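The values are calculated or read from the model by the stated rules, or taken from the named source; none is laboratory data. For clarity, every value in this text was computed on a predicted model and none was experimentally measured. Backbone-built Cβ (ideal geometry, glycine too); neighbour counts: all protein chains shown. Note: accessible area is taken over every heavy atom of the protein model, side chains too, but ligands, DNA and RNA are not part of it. Shrake-Rupley method; radii C 1.70, N 1.55, O 1.52, S 1.80 Å.
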Amino acid sequence: MKIAFVGKGGSGKTTLSSLFIRHLAAEGAPVVAVDADINQHLGAALGLDESEAAALPAMGEHLRLIKDYLRGSNPRIASADTMIKTTPPGEGSRLLRVQEDNPVYDACARPVELDGGTVRLMVTGPFTDADLGVACYHSKTGAVELCLNHLVDGPGEYVVVDMTAGSDSFASGMFTRFDMTFLVAEPTRKGVSVYRQYKEYARDFGVALRVVGNKVQGPDDLDFLRAEVGDDLLVTVGHSDWVRAMEKGRPPRFAALEESNRLALRTLREAADATYERRDREQYTRQMVHFHLKNAQSWGNERTGADLAAQVDPGFVLGESVTAGA
């Protein structure tokens, strides 16, 4: 299951995504965690110290390797130079699976030991001073989008992505790559403003969107969120002494997380799992192709000097039954 956590800056998006990752690991589920936020804090939220987090390999620095591996023997892709972030897989492409070893994971993923198990952590890498004025953050997240386009996952397997804050995620087609998007919202006007933007785009593309109310302190906060987001409100999370300890770098055992918050995390997993039976693999592939053709026409063809529309394999549908290319 591919799951995104989104929300405005300061909403608690990274904290909740890290709690969800810990919850999955504690239940023995295989997890690939991806930090795609412009502010790279997921590693720290999963317990890494500053030096460990800084040593994580940036996916963007291994983009050539990722492209070379994923294109495999696909005859429609002449070289890695003609691959862009939206390039879809086709016959002969190599695909990624959650539970496997491959050169992409070897280069870009690192195991993180949690008290409930081990997860693979991948990061886009920080937005550095060298990027200022010459690059946008989507040059970093392009590697994530390319991997998601080539990812095959089944029930009980999880890819959890901590997305960049605000509505910036809609600058590419990556927001359509998820089975479930959890929008973390505080009970304030600013807290629900991002929800309204997401809701509009989600409706247009059939994106499953549920709201997680965070920092909810009482009935008034709950009533406010219900009035603003209606039935999209899935669950709420309140104060957590466990989270306060985690933020100080001294988290207790995850089993000590408050019962109400453990129930909330269980609800998140149940909601994500329920989307599996509703997967429309043909629509998923069509959306991938839609954004690829859009990017090809607007900038990709000119930048690569190739007709990127020719990369589309009209008979290919991404699904669990697809086998990877040589």
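A search for C-beta distances below 8 Å between a residue of the range 288-300 that is under 11 Å from Thr87 (Cα atoms) and in contact (Cβ under 8 Å) with a residue 12 or more places away in the chain and any residue that is outside any helix (DSSP H, G or I) and open to solvent by 70 Å² or more (accessible area, probe 1.4 Å), counting only pairs 6+ apart in sequence or on different chains, returns Ala296/Asp307. Entry remark, the range 41-84: residues being open to solvent by less than 50 Å² (accessible area, probe 1.4 Å), part of a loop (DSSP other than H, G, I, E, B) and in contact (Cβ under 8 Å) with a residue 40 or more places away in the chain number 9 in total. Taking residues in the range 6-18 that are without any contact (Cβ under 8 Å) to a residue 24 or more places away in the chain, and partners anywhere that are buried (at least 24 other Cβ atoms within 10 Å of the Cβ) and assigned to a loop (DSSP other than H, G, I, E, B), not one pair has Cβ atoms closer than 6 Å while being at least 6 places apart or on different chains. Does any residue of the range 181-195 turn out to be among the charged types (D, E, K, R), at pLDDT 90 or above and within 30 Å of Gly28 (Cβ to Cβ)? So far as the range 181-195 goes, no, none of its residues is among the charged types (D, E, K, R), at pLDDT 90 or above and within 30 Å of Gly28 (Cβ to Cβ). When Thr87 is tested against (1) open to solvent by less than 10 Å² (accessible area, probe 1.4 Å); (2) β-branched (Val, Ile, Thr); (3) touching a Phe, Trp or Tyr at 6+ places or on another chain (Cβ under 7 Å); (4) not in a helix (DSSP H, G or I), only condition (3) is not met. Within the range 212-241, residues that are more than 16 Å from Tyr195 (Cβ to Cβ) have Cβ atoms under 7 Å from residues that are surrounded by 19 or more Cβ atoms within 10 Å (Cβ to Cβ) in these pairs: Gly238/Val216; Ser240/Asn261, counting only partners at least 6 apart in sequence or on another chain. Screening Gly230 with (1) crowded, with 19+ Cβ neighbours inside 10 Å; (2) among the small types (Gly, Ala, Ser); (3) farther than 21 Å from Leu19 by Cβ; (4) at pLDDT 90 or above gives one miss only, at (1).
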